[in-house]
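Following: one structure in structure tokens, then a few remarks.
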Amino acid sequence: MQANRSRFLTIMLTLGLAFFYVPMILLVIYSFNYSKIVPVWGGWSLRWYRELFESAEVWSAVTLSLQIAFVNATFATMLGLLAGLAMVRFGRFRGRTLFGGMIVAPLVMPEVITGLSLLVFFISLNQLTGWPAERGFTTITIAHITFSMAYVAVTIQARLTGMGEDLEEAAADLGARPLKVLTAITIPRLTPALISGWLLAFTLSLDDLVIASFVTGPGSNTLPILIFSRIRTGLRPDINALATIVILVISICVAIAAILMFRQQRAEMRDQKMAEGADE
Amino acid sequence: MRKLNDNWRLITVAIPFAWLLIFFLAPFFIVAKISLAELAIASPPFTQMIEWADSGIMTIRIVFDNFIYIFEDDLYRNTYLNSLKISVTSTLICLLFGYPIAYAIVRSGPVAKPILLFCIILPFWTSFLLRVYAWMGLLADQGTINNILIAIGVIDEPIRMLYTEFAVYIGIVYTYMPFMILPLYANMEKLDGSLNEAAADLGSRPTNTFFKVTLPLTIPGIVAGCLLVFIPATGEYVIPDLLGGGNVQMIGRVLFNEFSRNSDWPVAAAVAIVLLFLLVLPIMVFQYFQGRSSGQG
């Protein structure tokens with residue numbers, strides 16, 4: 001479609017972007033504020049960043065969160081890939097409706113329900129089998145994998161549907177065995193979707209407060225749990241500094257993911273054009 | 001792929017299927033079981049559904065007290081209604097603003113479009129908690145908005161905005177807006193522009209074309225976006241807690257507190273089950289639309 005926005009649409013778009021970005025920009029600016037009271041300007045300073053880096057509590061929360069996010073993203077990507085393949089490439093199988101429902105439901109399920117149900121599940125399991133002996137890293141990671149794999153599966157599903165089966169069928173016609181088709185054709189073409197799925201799972205995990213609060217145990221504070229406990233009582237300049245770092249890291253990750261996806265789209269459009277040209 | 005042998009197919013389906021059955025579906029049944037128990041001084045703090053007496057008699061106890069308690073208690077009923085009111089209103093506000101924003105992006109040129117899309121996706125990925133925190137700084141009595149208004153002389157006394165229902169609306173609209181815009185965008189992007197041209201050629205005015213052609217064709221996007229906002233917003237915990245303080249009652253917050261502070265597990269479980277029943281229909285509609293949009297899904 002051509003660029004033909006009416007004035008009304010342009011105004012709405014500008015207001016929308018301002019609404020999205022002004023609060024975040026202010027958050028970043030105030031992180032460089034010397035004053036202890038966040039909205040009162042006391043001059044530029046890196047004081048709160050220094051305090052942040054010196055806090056052992058912050059470091060241990062960051063470490064725990066990154067570990068959980070990494071393990072979660074890796075497992076969620078593998079499970080999401082399997083789930084996506086099962087949904088798009090396997091036709092009908094028994095329990096498919098239930099399976100499809102369980103993939104989509106975690107996307108919208110209120111976090112308090114997921115968190116509560118996983119906690120009572122872990123406690124019941126512990127009474128029955130003695131495992132998990134204590135809650136923390138393992139229980140949070142399992143909880144995160146359960147909802148992140150849904151996001152990965154949906155990403156993979158969309159990509160698989162968009163890809164079509166032409167190349168896979170061609171490879172099979174030329175005598176490639178099914179496993180060979182999977183590893184030589186399907187997975188390589190899915191790579192950008194897998195990478196963005198992994199990154200999505202990673203950020204979702206870093207971001208989660210409610211589910212982690214339910215399934216964590218004493219002493220296992222993830223970064224969001226730490227942040228939440230500090231801001232419940234009001235504004236804190238060190239949290240502004242922390243937020244700035246988080247926003248910076250996430251922006252870089254999202255930019256990389258976006259460029260990867262965009263490049264692939266362009267490459268495919270080129271391939272398609274060449275294929276159409278060859279037909280003529 | 002259809003020729004992939006059966007063992008491989010079985011493994012591919014079985015692993016994620018088993019994972020979801022164990023860690024997603026089974027936990028709901030345990031919550032349902034606890035909601036039918038009574039509070040007890042035990043660990044965990046509720047009575048068992050099935051008990052074996054010494055004489056070999058099995059007793060099954062199912063207690064509906066928790067549900068009766070929730071339905072008869074004004075606090076719970078009002079909290080459910082208030083949650084629905086807040087989430088429905090926020091969803092409509094998101095739609096009202098999100099729709100033109102999504103449409104504006106679709107109508108943008110080839111260079112601007114990916115950049116604008118990136119600008120919408122970025123907040124969606126940025127920490128939810130920190131975006132709520134950003135509004136605490138804006139809305140506080142000593143916050144940025146009050147400071148600016150006082151500095152330019154519009155008001156003398158700070159307006160109370162933080163810890164009000166207004167703040168909760170702002171928080172929900174702010175954090176859930178990308179969930180409205182992105183499905184709308186995906187839907188509009190697929191629309192056939194030639195339909196609009198045809199309508200114009202036949203003498204239809206732009207406004208008329210919009211209401212007769214574009215709007216009906218974007219209903220799947222509207223439904224998906226609204227449900228993506230409405231369902232999680234109804235059970236929201238963080239926003240009413242941080243921006244509403246104790247002044248705005250929403251069911252997610254009541255559930256969380258019932259569970260962590262009062263340790264009344266049976267009531268908390270019953271609150272969760274009732275919430276789930278309220279949301280089961282919208283969730284099924286969402287699944288239906290999601291299944292249709294992912295082609296064979």
Exclusive hit being buried (at least 19 other Cβ atoms within 10 Å of the Cβ) and free of Cβ contacts under 8 Å to residues at least 24 places away in the same chain, set A:ILE227, A:ILE250, A:ILE259 = A:ILE227
query = Pick from segment B:1-59 the residues that are facing another protein chain (nearest Cβ under 9 Å) and β-branched (Val, Ile, Thr): which of them is nearest to A:PHE121 (Cα to Cα)?
reply = B:ILE30
request  = For B:GLY171, work out the one condition from (1) among the small types (Gly, Ala, Ser); (2) free of Cβ contacts under 8 Å to residues at least 40 places away in the same chain; (3) closer than 27 Å to A:VAL254 by Cβ; (4) more than 7 Å from chain A (Cβ to nearest Cβ) it doesn't fulfil.
outcome  = (2)
request  = Quickly run through segment B:132-165 and pick out the residues that are touching a residue at least 12 places away in the same chain (Cβ under 8 Å), buried (at least 20 other Cβ atoms within 10 Å of the Cβ) and at the interface with chain A (Cβ under 7 Å from one of its Cβ atoms).
outcome  = B:TYR133, B:TRP135, B:MET136, B:ALA140, B:GLY143
Qualifying residues in segment B:106-130 (those that are in contact (Cβ under 8 Å) with a residue 24 or more places away in the chain and at the interface with chain A (Cβ under 7 Å from one of its Cβ atoms)) - the one surrounded by the fewest Cβ atoms within 10 Å (Cβ to Cβ) = B:ILE121
ask   = Can you name the number of the only condition in (1) loosely packed, with under 14 Cβ neighbours inside 10 Å; (2) small (Gly, Ala, Ser); (3) within 19 Å of B:THR91 (Cβ to Cβ) that B:ALA198 fails?
value = (3)
ask   = How many residues does segment A:19-64 hold that are within 11 Å of chain B (Cβ to nearest Cβ), out of contact with any strand residue (DSSP E or B) (no Cβ under 8 Å at 6 or more places or on another chain) and either crowded, with 17+ Cβ neighbours inside 10 Å or under 30 Å from B:ILE105 (Cα atoms) (or both)?
value = 15
request  = Would you check if B:PRO216 is part of a helix (DSSP H, G or I), in contact with a helix residue (DSSP H, G or I) (Cβ under 9 Å, 6 or more places away or on another chain) and surrounded by fewer than 23 Cβ atoms within 10 Å (Cβ to Cβ)?
outcome  = no
task = Could you look through segment B:246-297, keep only residues that are outside any helix (DSSP H, G or I), surrounded by fewer than 16 Cβ atoms within 10 Å (Cβ to Cβ) and small (Gly, Ala, Ser), and pick out the one that is nearest to the other protein chains (Cβ to nearest Cβ)?
result = B:GLY295
inquiry  = One residue is enough: does segment A:210-220 have a residue meeting the conditions over 15 Å from the mean Cα position of the chain (by Cα), within 10 Å of another protein chain (Cβ to nearest Cβ) and assigned to a loop (DSSP other than H, G, I, E, B)?
reply    = no
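Computed from the coordinates by the stated procedures, all read-outs in this text should not be read as laboratory data. Since this is a predicted model, take the numbers as computed values, not measurements. Positions of Cβ are backbone-derived with ideal geometry, glycine not excepted, and every protein chain shown enters the neighbour counts.
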